[in-house]
Amino acid sequence: RIKHGKLLRRIGRSIQKVELPDRGTFYRVLTGPISIYDRAYDLCNGLKEEGQDCLVLQSNVTKEPIL
């Protein structure tokens with residue numbers, strides 16, 4: 001089961017494990033690529049409304065966009 005599944009159900013995703021000194025282990029959920037910035041921004045705002053931190057980043061991934 002994925003948290004925020006309604007927002008993320010149609011989008012490709014991967015998990016990135018990150019070790020932060022003095023803070024421990026964190027897991028980042030990476031989604032996309034999303035071809036239109038406004039759609040990525042809207043998705044990010046939806047996640048924030050559900051209490052999840054979110055950041056839109058530019059990617060050099062050459063996969064076919066999802067949205």
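The values are calculated or read from the model by the stated rules, or taken from the named source; none is laboratory data. From a predicted model like this one, the values you see are computed outputs, not experimental measurements. Here the Cβ positions follow ideal geometry from the backbone for every residue, glycine too, while neighbour counts run over all protein chains shown.
For LYS6, the conditions (1) of a type outside the set (Ser, Thr, Tyr); (2) in a helix (DSSP H, G or I); (3) at pLDDT 90 or above are fulfilled apart from (3).
Beta carbons closer than 7 Å, at least 6 apart along the sequence or on distinct chains, never pair a first residue in region 15-31 that is at positive phi with a second that is part of a strand (DSSP E or B).
Filter region 2-32 down to the residues that are surrounded by 10 or more Cβ atoms within 10 Å (Cβ to Cβ), within 11 Å of the chain's Cα centre (by Cα) and not β-branched (Val, Ile, Thr) and list them by number. Hits for region 2-32 are HIS4, LEU7, LEU8, GLY12, ARG13, ARG28, LEU30, GLY32. Residues of region 44-52 include none that is in contact with a Gly (Cβ under 8 Å, 6 or more places away or on another chain), outside any loop (DSSP other than H, G, I, E, B) and modelled with pLDDT of 85 or more.
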